[in-house]
Amino acid sequence: MGLTLGLCMTQKFATLTIDDVSVTLPLRSGALGAEVIDVSRIYSDANMFVYDPGFDSTAPCQSAITYVDGERGAILYRGYPANELAHKASFLEVAYLLLNRELPTQCEFAEFEGKIRNHTMVHEQVVRFFGGFRRDAHPMAIACAVIGAMQAFYPDSANIEDPYQRSVASIRLIAKMPTIAAMAYKYSVGQPFIYPNNGLDYASNFLSMCFAVPCEPYSANPVIARALDRIFTLHADHEQNASTSTVRVAGSSGASPFGCISAGLASLWGPAHGGANEAALRMLNEIGTPDRVPEFVARAKDKNDPFRLMGFGHRVYKNYDPRAKVMQETCHEVLSELGIHNNLMSVARELERVALSDEYFIERKLYPNVDFYSGITLSAMGFPPSMFTLLFAVARTVGWVAHWNEMIEDAEQRLARPRQLYSGEVVREYVPIDQRR
């Protein structure tokens with residue numbers, strides 16, 4: 001077996017030779033990143049599949065939305081560094097960028113923001129759904145069910161071939177996800193739902209729906225609102241992660257947009273994905289005080305100890321996660337604004353210092369990721385850990401919707417149907433039950 005590279009007049013290619021069979025595989029080059037070997041015809045030409053658990057080396061699509069450079073520690077939204085956008089642009093500007101390929105002009109933004117405001121409310125009958133859940137139901141469980149059920153209220157969105165219906169569905173999802181998330185939170189704490197206030201910006205409106213009560217006035221702290229807006233921007237998209245891939249796979253069947261986003265929510269809920277910030281916060285609480293950091297670092301190095309450092313390392317990043325730096329700054333701003341002298345922050349700083357100077361972590365490139373500080377920040381804002389993943393989902397809905405639209409418009413996309421390396425029994429004969437031993 002061998003693999004050689006070649007070049008014809010118009011395109012580079014790789015030749016895979018297995019015994020006496022040779023297969024020519026085109027090489028594709030993106031705008032950035034490594035070249036990709038197109039193996040889409042390897043089954044028809046060589047009667048073989050590609051085995052790649054976790055899809056570490058597989059590109060199931062081409063996308064122009066987000067680029068992650070794990071070696072350098074960089075993430076670009078449509079070419080713009082995400083950490084720069086987090087400081088300079090609003091979340092809805094970023095949402096427009098991801099959906100429409102360019103940053104909006106003032107007129108374009110005003111029109112886009114107006115559409116979002118006009119779709120923030122949910123149908124009043126949706127309120128009845130919440131009464132069917134246990135009062136202690138996890139907010140993510142509620143959101144998965146409610147978002148999936150939204151298709152019943154907007155049946156026209158099933159016509160995904162209509163660009164207008166796709167556009168309206170996209171706006172509805174981005175506008176209503178914060179409302180549904182806030183309703184899930186209010187239900188979990190036994191407080192009445194607060195309707196959206198379209199006079200507020202996106203983040204302030206969400207904070208109001210979560211923390212306002214009918215019996216007294218509420219005004220979102222602008223520092224906290226800006227911090228939350230920045231957090232939304234940092235989580236808006238992250239290339240072909242598990243939940244985004246789930247949305248694309250579901251969408252490849254022609255499923256409704258609400259069903260696809262509900263599937264993405266379910267995938268995001270996993271502790272290895274969107275639940276990582278909640279796990280990081282639990283870990284910091286377990287450590288307790290800065291002086292215990294060396295003890296837990298030693299446990300993390302011990303392969304026989306089940307303890308793991310949460311919030312460190314990343315499947316893609318082999319350098320410092322650029323979002324983590326912005327999140328660290330945001331965490332300091334929030335704690336300073338609220339006057340919180342958080343012991344967890346002291347633990348986090350000491351843990352970061354020790355880990356970044358320890359050869360064990362340096363050699364394995366286990367740098368802090370965006371989840372490391374986000375749990376502390378969201379907790380300081382008043383959100384319980386059960387809401388962390390749903391807050392992630394509010395932001396990531398923008399990326400999901402952008403990828404869903406891109407997938408539908410991509411002529412190369414087909415129904416997702418991965419193959420497998422079968423390791424079960426070979427063909428066996430049926431034995432009547434009374435003859436079996």
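Roughly how many nanometres apart are two label points built 7 Å out from the Cα toward the Cβ at E329 and Y430?
The answer from the label model is 6.8 nm.
May I ask for the longest run of the chain untouched by GluC sites (Glu not before Pro) that are loop-located per DSSP and have at most 13 neighbouring C-beta atoms (other than their own) within 10 Å? Write out the running numbers ahead of the final one.
Working: sites that count: E35, E71, E102, E124, E161, E412, E425, E429.
Longest stretch, sites excluded: 162-411.
Each residue of region 83-90 in turn: what ³J(HN,Hα) in whole Hz from Karplus with 6.51, -1.76, 1.60 and θ = phi - 60°, glycine and Pro shown as x?
Values, residue by residue: 5, 6, 5, 4, 8, 10, 10, 7 Hz.
Using Cβ counts within 10 Å as a stand-in for footprinting exposure, how do S208, S243, S170, S336 rank, fewest first? Could you put the intermediate results ahead of the total?
Details: S208 20, S243 26, S170 23, S336 11.
Starting with the residue having the fewest Cβ neighbours, the order is S336, S208, S170, S243.
Using θ = phi - 60° and the Karplus curve 6.51 cos²θ - 1.76 cosθ + 1.60, what whole-Hz ³J(HN,Hα) does each residue of region 425-431 get, with Gly and Pro shown as x?
6, 7, 4, 10, 8, 6, 10
Nearest 10 degrees is fine. How inclined is helix 242-252 to the longest principal axis of the chain, computing both from alpha carbons?
70
With Cβ to Cβ distances under 15 Å as the rule, what net charge do the other residues near P178 carry (K, R +1; D, E -1)?
+3
Each residue of region 389-394 in order: what ³J(HN,Hα) in whole Hz does its phi give by Karplus 6.51 cos²θ - 1.76 cosθ + 1.60, θ = phi - 60°, with x for Gly and Pro?
Ordered by residue, 3J(HN,Hα) equals 5, 5, 5, 4, 5, 4 Hz.
I want the local charge near Y43. Using Cβ-Cβ distances under 13 Å, sum +1 for each Lys or Arg and -1 for each Asp or Glu among the other residues.
On the way: positive: R41, R417, R419; negative: D38, D45.
Result for the neighbourhood of Y43: +1.
For a quick check: with amide H placed at 1.01 Å from N, whose amide H comes under 5 Å from F13's, ignoring anything fewer than 5 positions away on the same chain?
G6, L7, C8, L27
Taking a ≥ b ≥ c as the square roots of the Cα gyration tensor eigenvalues, with a/c under 1.5 meaning rounded and otherwise prolate when a/b beats b/c, else oblate, which class fits region 143-187?
Working: a/c = 3.83, a/b = 2.03, b/c = 1.88.
Judged from the Cα gyration tensor, region 143-187 comes out prolate (a/c at least 1.5, a/b above b/c).
Based solely on C-alpha atoms, express the radius of gyration and the Dmax of the chain in angstrom.
Over the chain's Cα set, Rg and Dmax evaluate to 24.0, 80 Å.
Taking the 0 to 90 degree range and rounding to the nearest ten, how far is the long axis of helix 371-381 tilted relative to the main principal axis of the chain, both from C-alpha atoms?
Once rounded, the angle reads 20 degrees.
Test of the criteria: in region 346-437, which chymotrypsin sites (Phe, Trp or Tyr not before Pro) are in a DSSP loop and have at most 15 other Cβ atoms within 10 angstrom of their Cβ? Each step should come with its number before you reach the end.
Numbers: sites: Y360, F361, F372, Y373, F388, F392, W400, W404, Y422, Y430; in loops: Y422, Y430.
Answer by residue number: Y422, Y430.
List the residues, sorted by chain then number, that are 5 or more residues from Q240 or on another chain and whose placed amide H is less than 5 Å from its amide H.
none
Please give the net charge around F372, taking every other residue with its beta carbon less than 9 angstrom from that of F372, where Lys and Arg add +1 and Asp and Glu add -1.
Numbers: positive: none; negative: D321, E352, D371.
So the surrounding residues net to -3.
Taking a ≥ b ≥ c as the square roots of the Cα gyration tensor eigenvalues, with a/c under 1.5 meaning rounded and otherwise prolate when a/b beats b/c, else oblate, which class fits region 106-210? Let's see the in-between values first.
Details: a/c = 2.64, a/b = 1.30, b/c = 2.03.
Taking the square roots of the gyration eigenvalues as a ≥ b ≥ c, region 106-210 is oblate.
Give me the angle, in degrees from 0 to 90, between the Cα long axis of helix 106-118 and the longest principal axis of the Cα atoms of the chain, rounded to the nearest 10.
Tilt of helix 106-118: around 80 degrees.
Of the candidates C331, C215, C144, which one comes out as most mobile in a Gaussian network treatment of the chain with C-alpha springs shorter than 10 Å?
C215
Rule-based calculations on the coordinates, nothing more; no lab input. All of these numbers come straight from a predicted model, not from anything done at the bench. Note that each Cβ is placed from the backbone with ideal geometry, even for glycine, and that neighbours are counted across all protein chains shown.
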